[in-house]
Amino acid sequence: MKQPVKYLSHFLRVYRGLEDWHIPIFASVKQFCVDIATVMYPGCDKHLTASLFFPNVTYIDLNPKMQPFFTDLAIRSWIEENKRYDQPTIYDFQNMDFDKLTLGNDKTYDLVISASAGLVSNTVCMNYLKPGGHFLVSDAHFDARNAYTKSDFSLVAVYDNEITQLDCNKKSLDDYFMTTENKKITKEQVEESVSKPKNKRSFKLKKEPSSFLFCLFKKIK
């Protein structure tokens, strides 16, 4: 029993168990997108908290040290005890580079999560997101603002930490990615965000998103 307890203890210490700050975000997305059946989580690390809300999750990470967390029986028991759905819990771990992901052409997902794994919105992962599906993405590595520049994604909500729910107000949404010159952020400005600190950029945003900002996009084509 020592090995399973070891992994569960580490998981709970890193992500704080039921005090994980992602929990209200996942709960809000679950309520907003009631038809989510399948989820892909590229660059997941050991963040199995998503399985508390979504019954079928494919986790992808290049680090082979993550594998034991996904086969650990104590972690699975913790998820079963605390999950917020009635369906059977299904999850699997793919130890691979998600930017080189190759799945069957018929493999698609209702939701893709990008928490802190770089510009997931530029990778092949997006090919597996269903039209009409959703992309939950943080701006930790400027991935949210990158998704905003793409014509096949529409920003539908931003998680508001103050009211602890998704904000769907159109005016509020646009302000996050609007420059002080009242222009939408461009792909070139996203590239500048990646390469330069905020005080060295040629532009400023009306609301400079924090790394904790989570946005929900809908794939429109």
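The values are calculated or read from the model by the stated rules, or taken from the named source; none is laboratory data. As the structure is a computational prediction, the values presented were derived from the model and not from experiment. Positions of Cβ are backbone-derived with ideal geometry, glycine not excepted, and every protein chain shown enters the neighbour counts. Surface accessibility is based on the protein's heavy atoms, side chains included, excluding ligands, DNA and RNA. Shrake-Rupley method; radii C 1.70, N 1.55, O 1.52, S 1.80 Å.
Inside segment 65-89, can you point out the residues that are touching a residue at least 60 places away in the same chain (Cβ under 8 Å) and not in a helix (DSSP H, G or I)? Hit for segment 65-89 is Asp72, nothing else.
From the list Ile60, Ile36, Ile23, which residue is under 28 Å from Ser121 (Cα atoms), touching a Ser or Thr at 6+ places or on another chain (Cβ under 7 Å) and hydrophobic (A, V, I, L, M, F, W, C)?
Unique residue meeting the criteria: Ile23.
Residues in segment 91-106 that are open to solvent by 30 Å² or more (accessible area, probe 1.4 Å) and out of contact with any Gly (no Cβ under 9 Å at 6 or more places or on another chain): Asp92, Gln94, Asn95, Met96, Asp97, Lys100, Thr102, Leu103, Gly104, Asn105, Asp106. Residue count for segment 31-50, restricted to those that are under 13 Å from the mean Cα position of the chain (by Cα) and in a helix (DSSP H, G or I): 3. Restricting to segment 107-116, and then to whatever is open to solvent by less than 20 Å² (accessible area, probe 1.4 Å) and not aliphatic (A, V, I, L, M), can you tell me which residue is nearest to Thr58 (Cα to Cα)? Ranking the candidates gives Tyr109 first.
Working carefully through the options Ser172, Ser202, Ser210, find the one that is at pLDDT 90 or above, over 26 Å from Tyr109 (Cα atoms) and among the hydroxyl-bearing types (Ser, Thr, Tyr).
On the way: Ser172 fails: at pLDDT 90 or above; Ser210 fails: at pLDDT 90 or above.
Among Ser172, Ser202, Ser210, only Ser202 is at pLDDT 90 or above, over 26 Å from Tyr109 (Cα atoms) and among the hydroxyl-bearing types (Ser, Thr, Tyr).
Of Asp61, Asp72, Asp45, all but one fail to be in contact with a Leu (Cβ under 7 Å, 6 or more places away or on another chain) and of a type in the set (Asp, Glu); the exception is Asp72.
Leu119 - would you say it is in contact with a strand residue (DSSP E or B) (Cβ under 6 Å, 6 or more places away or on another chain), surrounded by fewer than 21 Cβ atoms within 10 Å (Cβ to Cβ) and hydrophobic (A, V, I, L, M, F, W, C)?
Details: in contact with a strand residue (DSSP E or B) (Cβ under 6 Å, 6 or more places away or on another chain): no; surrounded by fewer than 21 Cβ atoms within 10 Å (Cβ to Cβ): yes; hydrophobic (A, V, I, L, M, F, W, C): yes.
Considered against the rule, which asks whether it is in contact with a strand residue (DSSP E or B) (Cβ under 6 Å, 6 or more places away or on another chain), surrounded by fewer than 21 Cβ atoms within 10 Å (Cβ to Cβ) and hydrophobic (A, V, I, L, M, F, W, C), Leu119 comes out as no.
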